Every structure is written in C-alpha cells, then in structure tokens.
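First comes the structure, then the notes that go with it.
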Amino acid sequence: MTGRESAGGSMVVEPGARPGTVLAVVAVVQFMVSLDLSVVNVGLPEIAAGLGFSAVGLTWVIHAYALTFGGLLLLGGKAADRYGRRRVLLFGLGLFGLASLAGGFALEPGHLVAARAVQGIGAAALAPAALALLTTTFPTGKARVRAFGVWSAMNAAGGALGVLIGGVLTEYVSWRWVMFVSVPMAACALALAWRGIVDGPPTARGGRPDVLGAVLVTAGMTLLVFGVVRTDQYAWTSPVTLTTLAVAAALLAAFVHVERTTAREPLIRLGLFANRSVAGANAYNLLVGAAMAAAFYFVSLYLQQVLGTGPALTGIMFLPFALGVVAGSVLAVRLGYRLAPRTLLVIGGLLTATGFAWFSLISPDGAFTTDILGPSIVASVGFGLCLGPVVSTATAGVAPHEIGIASGLLNSSRQIGASLGLAVLGTAAHHRTGPIVTPEALNDGYALGLTLGAALLVTAVLVALTVLRRTSPPSRAEPADDREPLPARIDRRSTG
C-alpha cells in the first residue's frame with residue numbers, strides 16, 4: 001500500500017499500490033544516479049586521450065553532471081509535488097537514458113560535457129520524485145527503517161561500485177561504455193515504474209514553479225566552481241578570479257531575493273531552514289559530499305598515476321570500499337532502534353574522518369595492502385552508517401506537501417557539495433603538486449587533499465552535535481492507526 005497523509009494526520013491508502021515495486025524502482029534509480037557520479041572517474045585518462053580534453057577541461061566531465069543535478073534538484077522536487085511524482089519520475093528516467101546514450105556516441109569534448117549536463121537534468125527530476133515516493137510509501141515504523149536501509153545501501157553501492165564498473169569497462173571494452181551502462185538501468189526502472197507505481201493526486205497546488213530561481217542558483221554555482229577551478233591559471237587575487245566569484249555571489253544573492261519576493265510558487269520556502277533537522281542534515285550532507293567526491297578522485301588518480309595500476313585493477317581495489325559501505329548501511333539499520341539518528345551521524349562521521357586521515361599517509365612507494373585497504377574499510381563503514389540517518393533526519397517534521405522539495409534539497413546539497421569539494425580540494429592539491437609533475441609531487445598533492453577531506457568530515461560532526469537536536473531512537477512498532485501527526489511525534493521525542 002502507498003500512503004499519503006490526510007489533513008488530520010492519518011494515513012490515506014492509495015488503491016492498487018505496490019510497495020515492493022516502489023522500493024525496487026527507487027533502488028534502481030538511486031544506484032544509477034550514484035553510479036554516474038563515480039563511474040567516469042577511472043576512465044578519465046582514456047576519455048581525455050580519446051576526445052582531446054585538456055587537464056582543466058577534463059574535470060567538467062564530473063562538474064557538468066554534479067552542477068546541473070544539484071542546481072536543478074530543487075526544481076525537480078517542486079515539480080514532483082506540483083505535477084505528480086510518478087509523472088516526473090518517468091520524464092526523468094527517459095531523459096537520463098537518452099542523454100546516457102548520446103554521451104556514449106560523443107565525438108568532441110563539448111558533446112560529452114553537454115550529455116553529462118543533460119544527464120544531470122534528468123537525475124534532478126527523477127531522484128527527488130523517487131525519494132518522495134519512498135517516504136510516502138513507508139511513512140513510519142520498522143518498514144520505514146528497512147526501506148531507508150535499502151535506499152542507503154543502493155546509494156552507497158552505486159557510488160562505490162561505479163569505480164569498479166568504470167575501470168573494467170574502460171580497460172576491457174571502451175570508455176564509451178561508462179556512459180552506455182546507464183541505458184539498460186534507466187529502461188528497466190522506466191518499465192517497472194510505468195506498470196507498477198500508482199501515484200496519488202499531486203500534494204502541492206498553486207502557481208507555476210519558479211524556473212528563474214532554478215536558473216539563478218545553477219548559474220551561480222557553476223560560475224563559483226568555474227572561478228575556483230581556474231585559479232590554476234589566474235591567482236585568487238587576480239581581476240579575472242575576483243570578477244567571476246563576485247558575479248557568482250551576485251547570482252546566488254539574486255536567487256535568495258527571488259525566492260523571497262517571487263509572485264510564482266517559490267522554488268524553496270526559506271522558512272524550511274528554520275527546521276533544525278532540515279538545516280543540520282543538509283549542512284552535514286554538503287560537507288560529507290564534498291569530502292567523498294574529492295576522495296574518490298584522489299584515490300583513483302593515486303592508484304593509476306602514482307602506483308601505476310591499470311584501470312580494471314584500480315576498480316577492483318575499490319571493491320572493499322563498496323562492501324564496507326553496504327555493511328555500514330546494514331549496521332545502521334540494526335542500530336537504528338538502539339541509537340538516535342544524530343548519534344549515528346556523529347559515529348559515522350568520526351569513523352569516515354579517521355579513514356581519510358589514514359588515507360592521507362599515502363606514499364609514492366606505497367601498496368594496496370598498506371595504503372588503501374585499511375583506510376578503505378574504516379572510511380566506508382563510517383560512510384555507510386551516515387547515509388540512512390541523514391535522509392531520515394532531513395525529512396523529519398516536514399509537511400507532506402513539502403516532502404518532495406525536502407528530498408530534492410538533500411540531494412542538491414550532496415551534489416553541490418561534491419562539485420565544490422572537488423573544485424576546492426582539487427585546486428589545493430594541484431597547487432601543492434606544483435608545475436613539475438612527478439609521482440612524488442602528485443602524492444603530496446593527493447595527500448593534502450585527503451587531509452582536507454578529513455577536516456571537512458570533522459566539521460560535519462560538529463554540525464551534527466551543535467545543530468541537530470537529541471532525539472530518542474524510533475520505536476520498533478508504531479501503531480498503524482496512530483493519528484498524531486509525524487511532526488508532533490518527533491517534537492514529543494525531542495529532549496534537546
């Protein structure tokens with residue numbers, strides 16, 4: 001059964017709904033969008049050689065996806081609430097699959113970057129719609145904990161296994177298959193959603209969504225990343241960099257102004273950030289996303305460019321990380337009835353930070369067993385512990401008609417964090433490496449980037465401790481006819 005909440009706070013059942021199908025579709029969707037964030041990492045050297053990317057231009061294969069994904073997720077969440085989650089999900093899946101197919105046939109750098117950007121637009125539509133469907137299908141109790149456990153495991157597995165899949169495809173088939181691989185997954189999810197998902201009426205009514213706001217925030221974030229990335233050519237204090245960053249700041253300020261004054265339906269109600277769970281979870285998620293995206297990039301390049309490992313073997317070396325994240329996600333489900341979400345976020349963040357600090361001890365003459373395996377296990381289990389609790393926290397106490405936008409905001413913070421983290425930490429690593437590129441110099445740059453990633457994770461833990469309230473662990477069995485609204489139950493359990 002798929003439930004939606006009535007005005008009185010009770011659950012209304014949608015006839016013909018199939019929770020198993022909803023969970024299967026959401027699992028495929030989350031695996032696919034997470035996979036596309038990491039699947040290109042190992043193939044970047046081959047992509048550069050095949051299409052003629054410059055060193056700076058190559059990073060836009062990652063940025064184009066992350067920025068359009070993150071920048072338009074708020075619009076995707078609003079559209080899901082306004083026009084129906086099933087409809088928006090189907091549109092996003094179709095667009096994502098077509099963009100993946102086009103990217104595999106790219107002949108020039110601009111073609112691939114454009115395809116990655118369109119992939120991001122499709123992901124921005126389907127990801128919040130899928131997560132909102134999951135939230136309303138499994139509203140409370142043990143089923144909700146398990147559903148979010150599956151979601152977090154697929155989220156983690158997609159990001160981690162993307163490196164393995166990308167390495168194998170790049171070495172034994174072609175780098176083009178890192179784009180083609182998403183086509184059958186999108187088609188499978190589309191078929192399941194078309195036949196098996198029954199959506200209720202749209203939860204939000206009103207004016208047209210604020211497209212101008214979406215354009216402003218996406219353009220502002222793109223210029224911000226562009227300005228940071230180009231500091232390898234123009235110093236931070238140069239007129240070019242200062243002007244770029246000033247325009248980016250002006251666009252982001254204009255976005256805030258538009259959201260406060262628009263006659264259309266705002267992209268996001270700024271008052272949503274008054275909810276400490278929403279604000280704290282998104283700040284935490286942004287910092288973790290920044291650290292993780294940069295770590296994947298640095299470790300992948302360390303293995304290939306410092307230790308001389310091939311793409312396929314590099315991908316295999318990420319397998320312990322993938323398994324550790326899944327193990328951490330399963331452990332989070334088991335601990336979810338004993339520990340509050342905030343506690344799991346703190347423990348997971350500290351474990352991941354410890355793993356990153358261990359990663360920063362890499363050396364030019366290192367080896368997989370001494371420099372990669374141990375920190376991979378520690379960091380991955382910690383990361384897995386964070387995934388489910390941060391989603392549950394970010395949607396706690398949110399009104400039913402804003403669940404889609406809250407889901408989009410959470411995904412947005414992660415993707416924007418990924419792009420900003422890669423830009424800032426990548427730039428810092430590049431400056432540490434210097435103009436003369438040797439394995440030793442590259443090692444020093446990557447080690448610095450991983451150290452800064454550990455610092456970001458410690459900051460995320462401080463956010464969890466200072467912003468999020470203390471709550472009790474969820475009950476193993478909440479009454480199905482409990483008429484008390486979810487926000488009230490959450491506030492009642494709060495002790496801080």
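The values are calculated or read from the model by the stated rules, or taken from the named source; none is laboratory data. None of the values given here were measured: they were computed from a predicted structure. As a convention, Cβ positions derive from the backbone with ideal geometry for all residues, glycine included, and neighbour counts pool all protein chains shown.
With respect to the numbered conditions (1) of a type outside the set (Lys, Arg); (2) in contact with a helix residue (DSSP H, G or I) (Cβ under 6 Å, 6 or more places away or on another chain); (3) at pLDDT 85 or above, which one is the sole condition not fulfilled by Asn41?
So Asn41 meets the others, but not (3).
Given Val288, Val225, Val229, which one is buried (at least 17 other Cβ atoms within 10 Å of the Cβ), assigned by TED's automatic domain parsing to the domain that holds Arg85 and in contact (Cβ under 8 Å) with a residue 24 or more places away in the chain?
Working: Val225 fails: assigned by TED's automatic domain parsing to the domain that holds Arg85; Val229 fails: assigned by TED's automatic domain parsing to the domain that holds Arg85.
When all the criteria are applied, what remains is Val288.
From the list Leu190, Leu134, exactly one residue is surrounded by fewer than 24 Cβ atoms within 10 Å (Cβ to Cβ), touching a residue at least 24 places away in the same chain (Cβ under 8 Å) and more than 24 Å from Ala295 (Cβ to Cβ). Which is it? So that I can check it myself, show each step before the final result.
Values: Leu134 fails: surrounded by fewer than 24 Cβ atoms within 10 Å (Cβ to Cβ).
Only one candidate passes the filter, namely Leu190.
In this structure, does Leu51 turn out to be surrounded by 17 or more Cβ atoms within 10 Å (Cβ to Cβ), modelled with pLDDT of 75 or more and more than 19 Å from Leu131 (Cα to Cα)?
Yes.
How many residues does the range 360-399 hold that are part of a helix (DSSP H, G or I) and either of a type in the set (D, E, K, R) or under 25 Å from Leu344 (Cβ atoms) (or both)? Reasoning before the result, please.
Here is the first cut: in the range 360-399, the ones part of a helix (DSSP H, G or I) are 368-394.
Those still in the list that are either of a type in the set (D, E, K, R) or under 25 Å from Leu344 (Cβ atoms) (or both) too: 371, 373-394.
Within the range 360-399, residues that are part of a helix (DSSP H, G or I) and either of a type in the set (D, E, K, R) or under 25 Å from Leu344 (Cβ atoms) (or both) number 23.
Pick from the range 241-276 the residues that are part of a helix (DSSP H, G or I) and of a type in the set (Lys, Arg): which of them is farthest from Thr427 (Cα to Cα)? Before you say what the answer is, go through the steps one by one.
Restricting attention to the range 241-276, the residues satisfying the condition of being part of a helix (DSSP H, G or I) are 241-261, 270-274, 276.
Filter once more, so that each one left must be of a type in the set (Lys, Arg): 260, 276.
On the way: Arg260: 34, Arg276: 32 Å.
Out of the qualifying residues, it is Arg260.
Hey, among Ala290, Ala322, Ala294, which residue is under 18 Å from Leu410 (Cβ atoms) and of a type in the set (A, V, I, L, M)?
Working: Ala322 fails: under 18 Å from Leu410 (Cβ atoms); Ala294 fails: under 18 Å from Leu410 (Cβ atoms).
On inspection, the qualifying residue turns out to be Ala290.
Just to check your reading of the model, which residue among Arg338, Arg334, Arg342 is in the same structural domain as Asn155 (by TED's automatic domain parsing), over 18 Å from Asp371 (Cα atoms) and in a loop (DSSP other than H, G, I, E, B)? Explain how you work it out, then say what you get.
Numbers: Arg334 fails: in a loop (DSSP other than H, G, I, E, B); Arg342 fails: in a loop (DSSP other than H, G, I, E, B).
The match here is Arg338.
Just the residues that are hydroxyl-bearing (Ser, Thr, Tyr), buried (at least 23 other Cβ atoms within 10 Å of the Cβ) and within 14 Å of Ile372 (Cβ to Cβ), please, taken from the range 295-313. Steps first, answer last, please.
Step one: list which residues in the range 295-313 are hydroxyl-bearing (Ser, Thr, Tyr), which gives 297, 300, 302, 309.
Of the ones still in play, those that are also buried (at least 23 other Cβ atoms within 10 Å of the Cβ) are 297, 300, 302.
Within the range 295-313, Ser300, Tyr302 meet the criteria.
Among the residues of the range 137-164, count how many are of a type in the set (Val, Ile, Thr) and surrounded by fewer than 24 Cβ atoms within 10 Å (Cβ to Cβ).
If we filter the range 137-164 for residues that are of a type in the set (Val, Ile, Thr), which is where we start, we get 137, 140, 145, 150, 163.
Now narrow it down to the ones that are surrounded by fewer than 24 Cβ atoms within 10 Å (Cβ to Cβ): 140, 145, 150.
Count: 3.
Can you find a residue that is at pLDDT below 85, β-branched (Val, Ile, Thr) and crowded, with 19+ Cβ neighbours inside 10 Å anywhere in the range 62-84?
yes
Do we find a residue being on the phi < 0 side of the Ramachandran plot and outside any helix (DSSP H, G or I) anywhere in the range 277-299?
Narrowing the range 277-299 to residues on the phi < 0 side of the Ramachandran plot: 277-299.
Adding the requirement that they be outside any helix (DSSP H, G or I) leaves none.
Checked the range 277-299: no residue is on the phi < 0 side of the Ramachandran plot and outside any helix (DSSP H, G or I).
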